[in-house]
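Peer 1: Below is the structure I would like to discuss, written out as structure tokens.
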Amino acid sequence: MAAVSTSALVAPSSIKSFDGLRASATPSRVVKFAPLKGKGALGARCDYIGSPTNLIMVSSIALCFVAGRFGLAPSANRKSSAFLKLSERETGLGTNDPAGFTGTDVLAFGAVGHGIGIGVALGLKYLGVI
């Protein structure tokens with residue numbers, strides 16, 4: 001394997017500059033890249049089961065599933081009215097669950113739980129709590 005150069009400057013002979021439609025061998029400028037420090041502002045550590053990020057994600061997804069499964073949130077078989085009262089609706093989706101929780105509900109509540117968990121984890125990371 002060839003060794004990777006850590007130089008931040010690009011060799012002038014490797015960059016061609018263009019004047020109109022013709023390439024010239026002399027570069028017009030040298031591009032300098034700033035070295036990267038750390039993983040960035042939005043890097044979150046997901047080291048092991050039981051890490052703060054893992055606990056946030058598991059709890060947010062579980063709370064969304066509980067809300068949907070036990071009728072606290074609208075789902076494929078329960079619609080909400082203008083006053084947020086849930087009522088049964090016949091959708092034709094087959095399920096063997098006593099509460100009528102379908103595969104569509106699993107995908108929808110899982111996506112919402114992931115969105116909430118990512119927001120909480122990145123917000124706490126920004127505040128420096130985790």
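Peer 1: Check residue 79: other-chain or 5+ apart residues with amide H under 5 Å from its amide H, H built from backbone geometry?
Peer 2: 87, 89
Peer 1: Stretch residue 97-residue 62 to full length: gain in nm at 0.36 nm per residue minus the Cα-Cα span?
Peer 2: Details: separation 35, 0.36 × 35 = 12.60 nm, distance 1.75 nm.
This chain segment gains 10.8 nm when fully extended.
Taken together, the values in this text are just the output of simple stated rules run on the coordinates, not laboratory data. From a predicted model like this one, the values you see are computed outputs, not experimental measurements.
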